[in-house]
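The values are calculated or read from the model by the stated rules, or taken from the named source; none is laboratory data. All of these numbers come straight from a predicted model, not from anything done at the bench. Cβ coordinates were reconstructed from backbone atoms using ideal geometry, including for glycine residues, and neighbour counts include every protein chain displayed. Protein only, heavy atoms only, side chains kept; ligands, DNA and RNA dropped before computing areas. Shrake-Rupley method; radii C 1.70, N 1.55, O 1.52, S 1.80 Å.
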Amino acid sequence: MTTTATTPFTYAKSLEAFDRARRVIPAGIPGHQGPTEGCYIPRDAFPLFSSRAEGTRFWDLDGNEYLDYMCGYGPNVLGYGDPVVDEAARRQAALEDVVTIPSTVMVDLAELLVDTVASADWAFFAKNGGDTTTLAVMTARAATMRKKVVFVKGYYHGVAPWTQKLDYPGVLEEDIAHNLSVPWNDLGALEALLREHRGEVAAFISTPYMHGNFVDNELPAPGYWEGVRRLCDEHGVVLIMDDVRAGWRLDLAGSDHHYGIEADLLCFCKAIGNGYNLAALTGRESLRETVASLTYTGSYWMSAVPFAASIATITRLKELDAPAMFRSLGTELTSGLVEAASGHGLTLVASGEPALFYLRLADDDSLMLHQRWVAECVRRGVWFTSHHNHFLNAALTRGDIRRTIEIADEAFGIVAAG
Ligand SMILES: Cc1ncc(COP(=O)(O)O)c(C=O)c1O
């Protein structure tokens, strides 16, 4: 492959802004978008602040342009600033947004979700993915009058204390006292655990496939989800699928549908409104009254603008058959990257679903070679992260993919030479 050598980016303005941020914001940029949580490794390869975004690209404070494969950690599903979604939001904003009683646009969206998501008989709206996973677990506990929840090892379901670990600051033993876990794809372990705790388990909560950080992502083994469904039914356990990350990218009818089952509760957020702030828990008829009985709400949970944006987003995703598009673009991109790596004698492993592909250079167990390759890509305008799955959006073109592979090829050349 012939590539035009590019000049690596520098980040002076980002670093200056981060100095300001550190003085007035704990950690400067808290959480996963900042430098402390470890998604951006090596630290100095990444800028810290963006200034503008459009389509599949964003620009940092120093004016560097990126082909973005993180999509705001998921919400950007159609392209930043999608004109149809933004117009729907503007029209709703001209009418009302946060008001004393809700707009019927909330009902319109709930109807659309019930029509679109195969397992949904109702929808309950909130703001963040964590609001919906917490609501799902509360619902399961209220419905079953049981305390225990089974997780899959390596899980991430948000940051509420019940989702954390005992050695995390601020977490009490009581917060996690009823958490149990099983390995991914291990029906035998789930069956044994449910037998051991017969009559005590309220819920099994899991993402549709294992899209954990720092590990190759794993799809469900044939028969796995059917087996989980059967065990949950046998033991009266509520099956919660956390579709916060994968939702709308694999299947518009829900990732439970994609993998051949119906969950009892399905948690959505990220891609539901193309960046407008919204989350939804959907569920089956049998849990409707339980959800209605819970004390659970928030100041902005009925704001109308995100509902309008979400209707436009889901309608557009359907028109485009976005999941098929993501599968095809993701497969083209990852096979191009794998081939480019092998041209330099390197082995790139692409895992997970193509719409949310995970990458690892397998030639160095310390993962530092992989980090170095990611760094060389980012400094040349392709925004990958070292140890997190990526995301695709519908504004990505085949030309963008070609450009990505060119830059990745140049970066492979640099690390192979090093
Ligand atoms: C699988 C999964 N569940 C839950 C969450 C929490 O969502 P939020 O950060 O919107 O609260 C995330 C966020 O990344 C997630 O990936």
note = If you go through A123, A160, A136, the only one that is away from the ligand (no atom under 16 Å from the Cβ) and either of a type in the set (G, A, S) or crowded, with 18+ Cβ neighbours inside 10 Å (or both) is A123
query = Exactly one of (1) over 23 Å from A177 (Cβ atoms); (2) among the charged types (D, E, K, R); (3) open to solvent by less than 10 Å² (accessible area, probe 1.4 Å) is unmet by E226. Its number?
reply = (3)
note = The residue that is surrounded by the fewest Cβ atoms within 10 Å (Cβ to Cβ), considering only those in the range 300-327 that are hydroxyl-bearing (S, T, Y) and over 19 Å from the mean Cα position of the chain (by Cα), is Y300
inquiry  = Given the options L287, L266, name the one that is within 25 Å of R316 (Cβ to Cβ) and in contact (Cβ under 8 Å) with a residue 24 or more places away in the chain.
reply    = L266
ask   = Which residue pairs have Cβ atoms under 8 Å apart, sit 6 or more places apart or on different chains, and have a first residue in the range 211-226 that is in the same structural domain as L250 (by TED's automatic domain parsing) and a second that is open to solvent by 80 Å² or more (accessible area, probe 1.4 Å)?
value = G212/Y156; N213/Y156
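Among the charged types (D, E, K, R), in contact (Cβ under 8 Å) with a residue 60 or more places away in the chain and over 29 Å from G212 (Cα atoms), is that true of D97?
Values: among the charged types (D, E, K, R): yes; in contact (Cβ under 8 Å) with a residue 60 or more places away in the chain: yes; over 29 Å from G212 (Cα atoms): yes.
Criteria met by D97.
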query = Hey, among the residues in the range 245-289 that are part of a helix (DSSP H, G or I) and buried (at least 23 other Cβ atoms within 10 Å of the Cβ), which one's farthest from the ligand (Cβ to nearest atom)?
reply = D256
task = Answer yes if at least one residue in the range 63-74 is open to solvent by 60 Å² or more (accessible area, probe 1.4 Å) and out of contact with any strand residue (DSSP E or B) (no Cβ under 8 Å at 6 or more places or on another chain), and no otherwise.
result = no
Pairs, first assigned by TED's automatic domain parsing to the domain that holds E173 in the range 130-159, second away from the ligand (no atom under 12 Å from the Cβ) and of a type in the set (D, E), C-beta under 6 Å, six or more apart = R146/E200; K148/E200
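Just to be sure before I move on: is P183 open to solvent by 30 Å² or more (accessible area, probe 1.4 Å) and at pLDDT below 95 in the structure I sent? Reasoning before the result, please.
Values: open to solvent by 30 Å² or more (accessible area, probe 1.4 Å): yes; at pLDDT below 95: no.
Considered against the rule, which asks whether it is open to solvent by 30 Å² or more (accessible area, probe 1.4 Å) and at pLDDT below 95, P183 comes out as no.
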Every residue from the range 378-403 that is open to solvent by 10 Å² or more (accessible area, probe 1.4 Å), in a helix (DSSP H, G or I) and under 12 Å from Y66 (Cβ atoms) = D400, R403
request  = With respect to V117, determine if the residue is within 16 Å of the ligand (Cβ to nearest atom), more than 17 Å from the chain's Cα centre (by Cα) and either within 30 Å of R379 (Cα to Cα) or crowded, with 22+ Cβ neighbours inside 10 Å (or both).
outcome  = no
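Taking G31, is it modelled with pLDDT of 95 or more, more than 17 Å from R379 (Cα to Cα) and either away from the ligand (no atom under 15 Å from the Cβ) or open to solvent by 20 Å² or more (accessible area, probe 1.4 Å) (or both)? Can you show your working first?
Values: modelled with pLDDT of 95 or more: no; more than 17 Å from R379 (Cα to Cα): yes; either away from the ligand (no atom under 15 Å from the Cβ) or open to solvent by 20 Å² or more (accessible area, probe 1.4 Å) (or both): yes.
In short, no.
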